[in-house]
Each structure stands twice: as structure tokens, then as C-alpha cells.
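The values are calculated or read from the model by the stated rules, or taken from the named source; none is laboratory data. As the structure is a prediction and not an experimental result, all values here were calculated from the model. Cβ: placed from backbone, ideal geometry, glycine included. Neighbour counts: every protein chain shown. Keep in mind that these areas ignore ligands, DNA and RNA; they rest on the heavy atoms of the full protein, side chains included. Shrake-Rupley method; radii C 1.70, N 1.55, O 1.52, S 1.80 Å.
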Amino acid sequence: MRGIIPSLHTPFCRDNKVDILSLQKLIDHTIVSGCAGMLVGAVAGENASLSLDEKEIIINACVQHNNNRLPLIVSCSANNQYDRITLSRAAKVAGADWILCQTPNNLNGNELTECFNEIADAGPSNLMIQDLSWTDNGMNDEDILLLFENIKKFKGLKIEVLNSGPKYSRILKATDHKLHLSGGWAIMGMIEALNRGVHAFIPSTMEVIYNQIYNLFTEKKINKARDLFSTILPVLSFTHQHIDIAIKFSKMLRVREEIFITDLCRSPISEFDIYQLEEADIHIEKVISLQNNIN
């Protein structure tokens, strides 16, 4: 999985139920856009607002509709170990390639290893760990290496922490480049991360643009990659004010792309005010124009 691996949003019908048909359209769009894989049911998918039953429905629907066309990563992140193991087992039964699980709070060392061993044992053959922190540097390097040495299924790390760049380089070196590394929320540093050797990126939306940037970079057209990336910096400046803004904006874009029926988000994500709506509309038109030009 080298390239762009979008984290899929969860579409909702007007009655606030999961919209499976729109989710299927999003999967098709992800494949047609030339992505390297996809992630379902994670933070961008409003994981915290979904019931366990809804998560299992989404897992089965996505794996079945994808039908092995792209590597599919299922998020098993949850607030308790029972749900993590249940989701990991459901992903395996459904036929998913990978599971992703966010590091539980307040665990480290052997306790953390035991926690992830249970999750890995229940799931498919590939485990990706999400090293996520909005406020600090996330997991200790020592814990990452301890997991890498002791859990055979641990094959990928998604780093989303403050100052992600140096951590990418440290972990790549410490694991002899044998651990798959990806970035998500740190997409603002995409070009730097590519220079550091990061394998993949897990943003949400704008797949056509991100794929083009990645392709230009791999073709050694670095300046063209930088120029294209610079055109979406105003969009990222708006969306990266807060994860909730990013999710709401992305759903509005999906409606404009005729992939989603609604841009509904569940609580605590709120509607945009008139100023945010004005900014979002301007950025959406720019994204649509860029994507049309690339296509």
C-alpha cells in the first residue's frame, strides 16, 4: 500500500441512519480515483458516534462491496477491549485485509503488548496501529519497537502526532524500513513526509488531487508536486482548524461530488455558521475545479 489510502466518512440518511448506498458509491469512487487502499470506520468515519452493531454492518457492507478490489483496513478502535476484539474478529470473518486500532490511553510496556496481542490474535493477518495525539508526541518510540518485536501481525503504523516528521524518520530507521508508515492528520507535511520515505497517506477526500501529487513526486517531478500541493493549502488551512470542521467540510464536498445524499454529521459535530459556509463553498468550488482539470 504505497500512495493514498483515504479514511472513508460515514454517510447518514436524513433519518440519521447509516446510508449504505452512498457508502458503496464512495468505495467505487475511491477505487476509480486510483487509490492504494481504504480505511473504514475510523475518526473521519465518526467512529465515536457509531454503535457496535452499526460498526459491524459497515464492516460487512464495505468488505462485500469492495470485493477485494483494493486493500481494505477496518478500524477496531473503541473505548474498551471487548469492543476492540469484537470488531477485530468481525473484520477477519468478513474477509478484511487489515485492521487498525488506536493506542488505548494509559497503557504502555507489557500491558500495551498484551492488549494488542489480544486484538491481533482475533483479527486478520495485518495490524496497523494508530499513534494519535492532538496534544503531544504520542507513543514512546520504545513502546513502538517493543510492539514491533513482539507482535508478528504488527505491520503498519499510522502516525498522527505533533511534529510527526522526525518521528517518521526515527521509526523508519529503528525498524530498518520494515514497518509500513503512513500519515493522516499530518497531511500538511506531505512533501516533507515523502522526502523522509513515508509509504502512504491517509487523508479524507480530495483523492484525485492527492494521488496526482503523489504520482508527480514518484516521477521525480518534485517542483510540480509542490506547486499542486500549494494550491490546496488554503483548503487545508480551513479544514485543519479542528477535526470536526474537516469532517463537516468533507461531507459537504461529497454531496457536491454527488456521492453522498446528505452532509449530516452526528453530535458533537455542529453545523457551520454563515461565515464557515461561505468559506467552505469557496474552497469546495476550488477543489471541484482542480479535480476536473486533473481528470
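I need the full set of residues from the range 37-55 which are out of contact with any His (no Cβ under 9 Å at 6 or more places or on another chain) and outside any helix (DSSP H, G or I), in order please.
Scanning the range 37-55 gives 37, 38, 39, 40, 41, 42, 50, 51.
Answer yes or no as to whether residue 224 is without any contact (Cβ under 8 Å) to a residue 24 or more places away in the chain, farther than 24 Å from residue 161 by Cβ and in a loop (DSSP other than H, G, I, E, B). Steps first, please.
Working: without any contact (Cβ under 8 Å) to a residue 24 or more places away in the chain: yes; farther than 24 Å from residue 161 by Cβ: yes; in a loop (DSSP other than H, G, I, E, B): no.
So residue 224 fails the test.
Here residue 17 fulfils each of the conditions (1) in contact with a strand residue (DSSP E or B) (Cβ under 7 Å, 6 or more places away or on another chain); (2) open to solvent by 10 Å² or more (accessible area, probe 1.4 Å) apart from (1).
So that you can scan it fast, the table gives a plain yes or no per residue for (1) of a type outside the set (Gly, Ala, Ser); (2) under 30 Å from residue 237 (Cβ atoms); (3) at pLDDT 95 or above:
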position	(1), (2), (3)
123	no, no, yes
129	yes, yes, yes
141	yes, no, yes
145	yes, no, yes
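Among the conditions (1) farther than 22 Å from residue 276 by Cα; (2) not in a helix (DSSP H, G or I), residue 204 misses just one, which is (1).
When residues in the range 24-38 are screened for being out of contact with any helix residue (DSSP H, G or I) (no Cβ under 8 Å at 6 or more places or on another chain) and either in contact (Cβ under 8 Å) with a residue 60 or more places away in the chain or open to solvent by less than 10 Å² (accessible area, probe 1.4 Å) (or both), 3 of them pass.
Within the bounds of the range 213-230, is there any residue that is more than 27 Å from residue 281 (Cα to Cα) and in contact with a Leu (Cβ under 7 Å, 6 or more places away or on another chain)? Reasoning before the result, please.
Going residue by residue through the range 213-230, those that are more than 27 Å from residue 281 (Cα to Cα) are 215-223.
This time we only want the ones that are in contact with a Leu (Cβ under 7 Å, 6 or more places away or on another chain), so: 216-217.
Scanning the range 213-230, I find at least one residue that is more than 27 Å from residue 281 (Cα to Cα) and in contact with a Leu (Cβ under 7 Å, 6 or more places away or on another chain), so the answer is yes.
When residue 250 is tested against (1) of a type in the set (S, T, N, Q); (2) assigned to a helix (DSSP H, G or I); (3) touching a helix residue (DSSP H, G or I) at 6+ places or on another chain (Cβ under 8 Å); (4) open to solvent by 10 Å² or more (accessible area, probe 1.4 Å), just one condition goes unmet, and that condition is (4).
Within the range 130-164, restricting attention to residues that are of a type in the set (Val, Ile, Thr) and open to solvent by less than 60 Å² (accessible area, probe 1.4 Å), which residue is farthest from residue 203 (Cα to Cα)? So that I can check it myself, show each step before the final result.
Filtering the range 130-164 for residues of a type in the set (Val, Ile, Thr) gives 135, 144, 151, 159, 161.
Filter once more, keeping what is open to solvent by less than 60 Å² (accessible area, probe 1.4 Å): 144, 151, 159, 161.
Working: 144: 22, 151: 26, 159: 12, 161: 14 Å.
Ranking the candidates gives 151 first.
A single entry from 107, 87 fulfils the requirement of being open to solvent by 40 Å² or more (accessible area, probe 1.4 Å) and of a type outside the set (Lys, Arg): 107.
Here are some residues: 245, 222. Which one is crowded, with 18+ Cβ neighbours inside 10 Å and of a type in the set (Val, Ile, Thr)?
Details: 222 fails: crowded, with 18+ Cβ neighbours inside 10 Å.
Only one candidate qualifies: 245.
Open to solvent by less than 20 Å² (accessible area, probe 1.4 Å), farther than 24 Å from residue 86 by Cβ and not aliphatic (A, V, I, L, M): does that describe residue 167? Taking the combined requirement at face value, the residue satisfies it.
With 186, 122 as the choices, which residue is small (Gly, Ala, Ser) and under 24 Å from residue 283 (Cα atoms)? Lay out the reasoning, then the answer.
Values: 122 fails: under 24 Å from residue 283 (Cα atoms).
When all the criteria are applied, what remains is 186.
The test for being within 27 Å of residue 31 (Cβ to Cβ), surrounded by fewer than 16 Cβ atoms within 10 Å (Cβ to Cβ) and touching a residue at least 60 places away in the same chain (Cβ under 8 Å) holds for residue 294.
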